[in-house]
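Asker: Got a structure here, written out as structure tokens. Questions coming.
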Amino acid sequence: MQNNTFSTLFVGQNLIKLSAVDSTNNFLKNLLSKSEPLPEGTVIMADDQFAGRGMQENIWKSDPGKNLTISILLRPTFLGLNKQFLLNMAISVAINNTLSAYLSNGLCIKWPNDIYYNDLKLGGVLIENTIIGNSIKNTVVGIGINVNQQFFPPDLIHKATSLSEILQENVNLELLLADLCSQIEVLYLQLRANKGAFLRKSYIDRLYKINTPAPYRQNGEVFEGIITGVSDSGLLKMNINGKPVQFNFKEIEFLKL
Ligand code: BTN
């Protein structure tokens, strides 16, 4: 086990730093498949993640040495399969809490677990569970946060931002990682202590476009809706023309005004 100075009980206590890897999620899943005895809270961190993966088979692009690209091993065996989304909520709130020490306002969580600063994406989460029987055996929590990247590829211009772009100064990656590990541990322990209702409220309080009329698209059709919340199973709850409707992740697209 590699030692570090994090003031946590377990998240980040075993920190594996890689100079280059395709994807930290792949690397961690590969270690797990070799039955390596990895402690819960193990963190894989890469300087250069050259084939990062995002949700819906997207690519996660990150300039080498500039950003946080990490994967954390958790074992939420206490969480019923129908409550899996609570872990997404805990992780998103933990990232949000960590970044709120750097940014006073404008931070929010875009359903299901994107981290936004106003209308721009600052970070994303890719959670991959291994399920055995009725419980989660291993969870790989992949987190990408744009920290010191100043220039984005053409397809991300006006869509993504970074902490340094907002603050106009660089942020220390090691300190940010230490804060993030602490926050994740706090919220994860709350989840384990059955404080799901509190986590849920923290997530909903930070939800992008909550209670705000905004345009969306489904199957090519554009409509106005109002986000009212998120169901226990992670469906987006909306009111459309006064009628309650729920959406799965792939079913709806957020549009810009
Ligand atoms: C998304 O917004 O689509 C999720 C992005 C998740 C990116 C992170 S970076 C570290 C980890 N390793 C990966 O390959 N992906 C996640």
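Asker: For the cross-link pairs LYS29/LYS195; LYS83/LYS209; LYS61/LYS209; LYS159/LYS201; LYS83/LYS201; LYS110/LYS250, which exceed 20 Å when the distance is taken from alpha carbon to alpha carbon?
Answerer: LYS29/LYS195; LYS83/LYS209; LYS61/LYS209; LYS159/LYS201
Asker: If you put +1 on each Lys and Arg Cβ and -1 on each Asp and Glu Cβ, how big is the dipole of segment 213-254 around its Cα centre, in Debye rounded to 20?
Answerer: Numbers: 4 positive and 5 negative charges, 10 e Å.
Charge dipole, segment 213-254, about its Cα centre: 40 debye, nearest 20.
Asker: To the nearest 20 debye, what charge dipole does the chain have about its Cα centre, counting +1 at the Cβ of each Lys and Arg and -1 at the Cβ of each Asp and Glu?
Answerer: The calculated dipole for the chain is roughly 720 debye.
Asker: Quick one, could you list the DSSP H helices from the chain stretching 18 Å or more along their long axis (Cα atoms) with average Kyte-Doolittle hydropathy of 1.0 or above?
Answerer: Within the chain the helices that satisfy the rule are 85-99.
Asker: Report in % the part of the accessible area of segment 13-141 that belongs to carbon and sulfur, leaving out ligands and nucleic acids; probe 1.4 Å.
Answerer: Ligands and nucleic acids excluded, carbon and sulfur reach 47 percent.
Asker: Right, next: Pick out, from LEU176, PRO64, LEU126, the residue whose Cα sits farthest towards the positive end of the charge dipole of the chain, with +1 on the Cβ of Lys and Arg and -1 on the Cβ of Asp and Glu.
Answerer: LEU126
Asker: For segment 214-257, which whole-number percentage of the solvent-accessible area (1.4 Å probe, protein heavy atoms only) is attributable to carbon and sulfur atoms?
Answerer: About 47 percent, which is the carbon plus sulfur part of the accessible surface.
Asker: Apply the Karplus parameterisation 6.51 cos²θ - 1.76 cosθ + 1.60, with θ equal to phi minus 60°, to every residue of segment 48-57 and state each ³J(HN,Hα) to the nearest whole Hz, in sequence, with x for glycine and proline.
Answerer: Computed from phi, the couplings for segment 48-57 are 10, 9, 8, 9, x, 10, x, 5, 6, 6 Hz.
Asker: Shifting gears a bit: For a quick size check, give me the Cα extents of segment 213-254 along its three principal axes, largest first, whole Å.
Answerer: 26, 22, 13
Asker: Oh, and also: Rounded to the nearest 500 deg cm²/dmol, what is the calculated helix-only ellipticity per residue at 222 nm for the chain, with -39500 (n - 2.57) per DSSP H run of length n ≥ 4? Walk me through the numbers before you get to the answer.
Answerer: Details: 5 runs with 60 residues, N = 257.
Per the formula, -7000 deg cm²/dmol.
Asker: Cα convex hull of the chain: how many Å³ per residue?
Answerer: 133
Asker: Further question on the same structure: In square angstrom, what is the accessible area per residue of the chain with a 1.4 angstrom probe?
Answerer: About 49 Å² of surface per residue is accessible.
The values are calculated or read from the model by the stated rules, or taken from the named source; none is laboratory data. On a predicted model such as this, the values are computed, not experimentally measured, just so you know. So basically every Cβ, Gly included, is an ideal-geometry build from the backbone, and we count neighbours across all protein chains shown. Surface areas here come from the heavy atoms of the whole protein model, side chains and all, with no ligands, DNA or RNA. Shrake-Rupley method; radii C 1.70, N 1.55, O 1.52, S 1.80 Å.
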